[in-house]
Every structure is written in C-alpha cells, then in structure tokens.
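Participant: Encoded as structure tokens, here's the structure I'll be asking about.
The values are calculated or read from the model by the stated rules, or taken from the named source; none is laboratory data. From a predicted model like this one, the values you see are computed outputs, not experimental measurements. Using ideal geometry, Cβ is built from the backbone for each residue, glycine included, and neighbour counts are taken over all protein chains shown. Remember, those area values only see protein heavy atoms, side chains included, never the ligands or the DNA or RNA. Shrake-Rupley method; radii C 1.70, N 1.55, O 1.52, S 1.80 Å.
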Amino acid sequence: MEKQRDRAQPFWSTAMVHKLILDVDTGTDDAVAIMLAALHPALDLVAVTTVNGNIEVEKCTDNTLRTLEWIGRGDIPVYEGLATPIVRPDFPTPRATKRDPKVHMAVLPVPAPKGRKQDKPAPIFLSEIFASNPNQITLVAVGPLSNLAATIAVDPAFPSNVSHLIIMGGAINKSNITPSAEFNIWADPEAAAQVFRAGFKKITLVPLDATHEALVSSDQCDHLRNLGTAAGEAAADIIMHRIKGYEANQPTGTPLTAPVHDAVCVAALVDESIVDTRFVNVVIETAGEYTIGRTVVDHEKRTTRPANCHVAFHANRSAFINMLTEIFARGPKPGTR
Ligand code: BDR
Ligand code: CA
C-alpha cells in the first residue's frame, strides 16, 4: 500500500535547496525530468549536460535547449558531451528512436531554441564545476554514462567531489533493450562499469523495476494539460506520446499508462521517500554474450562483494504524480515565454 501524504503540507522546504546537474539524452522522459528540475523550488538546476543515447547528441542538445526555453528557463546553461560510447566505435543499434519511435522523438513538440549550447565540452565542465564546488552538487545521470566515464578519465578526483550520484538505469526483474539489460547501461556498458568502480561517495540507482511502479496515466496527462502552463502542456503531450508507444509495443500491464523513468530520479532527490532503496553490491556485465549491459544486483548476498549502491526496488506512484502536478502548475503560460 502506498504511503498517504497530507497534500496541504509540502514535503520539501526551500530552506533546503539542492543544487543539481542533470546529464541527459533528451529524450521524452528526459524532458519531463528537465522541467521538474528547472521548476522545483527546492532544486537549483546549475546546468544540463547532454550525451549520445536516445538520439544523436546534437539532437539531445537541441531538445534540451528547447525544453528549457519553453518553460522560461533558457538561463540554464547546456553543455554538450560525448557523441559515442567510450569504447565501442559504433553505438549499438538500434537507437531508442529507431527501435521505438512512438516512445522517443528526434524533435520534441515545443518551439526551436533561440539560444545555443556552451562552447566547453561537458566532461571539462563537469570536472571544473565539481572541483570548484566539492560535495555541494548532486549529479543526476539519466542517459548512457559516457560523459561521467570521460570526466573520470580526465579528472580522477571527480568522483570524490560529487556529493551524490543518482542514476536512472539498470534492471533487476525487468528489461527494455535485451532480455538482460536496460537501455542506458547497455548503451555504454564500459562507461557504466567504470562509474561503478570509480569510488563515488554515494550512488543511487533507479532501475526499471522502480520506474514501472510510478506509471503516469492518460487521465493524469489530461490533468497536467488543464493546469494551463507551458510545463503542464508539454508534459501532457510528451507523456501521451509515451503512453501511445507503450500501448503499441510494450504494454505496462495497466491500460493507458507509461513510465517516465528519468523524472523519478529528480523526484527522489527532492523527496527520497518516493523510492524504497536497499544498499547492495552492483557490478556491470561487459563481457557476456547474452547479458552485456546487465546490472548485476546482489540483492540476495550471493557474493562477499561490498555494498556500493542504493538500489530503488519500489517507487511511490501517487507521491510522484502529485509532485509533477504541483510543480508543473508553475512557470509561464504556453506561448508567453
Ligand atoms: C532510459 O532509456 C532511455 O530511453 C530513457 O530516456 C531512460 O533514460 C530507460 O531505459
Ligand atoms: Ca534518458
């Protein structure tokens, strides 16, 4: 049974504003995560970095810029990162947009951006910003982990400067790209393995098992649209697109719903009770013929490998949706940015 909340009492306080940087491959659910991070009063979105993933990195950058400008947050800088995985010369195909064009879009349905990306490459920016603000910023990575691995390569001190790393990726009893793997980890498994070995102080992994418990329905999209805001309208359009894609190709088991994976990570940063975590060992499979990209989660303690990751096994659907609804009521009206 989900925990009930008194909606009159906010569960966050603006006295405790979390600084965060989002690493994205925008991406429909990435766009919802960006809007939540950019509009939540308990969050200070310092910057967004983009990475090759759902689509080519330059398209991820364009989608990120247009999402931020649509909700009046074109002030947030966007840094473009890696165009390929760190080891494999070709991105494993098909991309998300090819394998499932109904879930992701090459171009998001909001106007083209007027602004442009920053000149500095994402790994250089990440190294510098965390070095000059050690232990003060949370990194939320919701695409393949190529940028993080590249940053570790140029700056071995980087992991120790990150206060908390939250990753959308992996799976325990679910999958979405091979029978063993989730897309973000599978898309650059060597990068993911490097990240899990790098000695980050705290890693929280939000896998498919949790995000599929925080499904958003078409009725809830109607509610978001009726908020009359730019964020509500974009979220409704984008999530409805996802719902149609899931209905067509990978039904969730609950009619007219879809997961909005990446936004769950942002919600869990504001309100950690949105996910139920256990501290366990996680390693990444990089060699298996059938299992490459699998997150090997030792939740039954079959090894003596030490715990290194807080894995979300469950998510609180109503709390997540309440947060989306509350926060997307903020910001400009559509077309008034
Ligand atoms: C993850 O892969 C991408 O397609 C989504 O944006 C999400 O980050 C889900 O497997
Ligand atoms: Ca993503």
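Participant: Of the heavy-atom accessible surface of the chain (probe 1.4 angstrom), what whole percent is carbon and sulfur?
Facilitator: 51
Participant: With only Lys, Arg, Asp and Glu charged, each at its Cβ (+1 for the first two, -1 for the last two), find how big the charge dipole of the chain is about the Cα centre; round to the nearest 20 debye.
Facilitator: Result for the chain is approximately 200 debye, rounded to the nearest 20.
Participant: What full-extension length gain, to one decimal in nm, is calculated for D222 and M16 as 0.36 nm per residue of separation minus the Cα-Cα distance?
Facilitator: 71.0 nm
Participant: Now, a different point. Leaving out ligands and nucleic acids, and using a 1.4 Å probe, what accessible area per residue does the chain come to in Å²?
Facilitator: On a per-residue basis, the chain sits at 40 Å².
Participant: Would you mind computing the Rg to Rh ratio of the chain from its alpha-carbon coordinates, Kirkwood style for Rh?
Facilitator: Answer for the chain: 0.93.
Participant: Once fully extended, how much extra length lies between D75 and Y290, figured as 0.36 nm per residue of separation less the alpha-carbon to alpha-carbon distance?
Facilitator: That pair, D75 and Y290, stretches by 73.0 nm at full extension.
Participant: Then there's this: Report the one residue of P89, I321, I239 whose Cα lies farthest in the direction of the positive end of the charge dipole of the chain (charges on C-beta: Lys and Arg +1, Asp and Glu -1; origin at the Cα centre).
Facilitator: Positive-end residue among those listed: I321.
Participant: By the gyration tensor of its Cα atoms, with a ≥ b ≥ c the square roots of the eigenvalues, what is the shape of segment 162-203: rounded for a/c under 1.5, prolate for a/b over b/c, or oblate?
Facilitator: Since a/c reaches 1.5 and a/b is larger than b/c, the shape of segment 162-203 is classed as prolate.
Participant: Positive end of the dipole of the chain, charges at C-beta (+1 Lys, Arg; -1 Asp, Glu), about the Cα centre: which of A214, G169, H40 has its Cα farthest in that direction?
Facilitator: Farthest towards the positive end: H40.
Participant: Any idea what the relative contact order of the chain is, in percent, if you count C-alpha pairs under 8 Å spaced at least 6 apart?
Facilitator: 20 percent.
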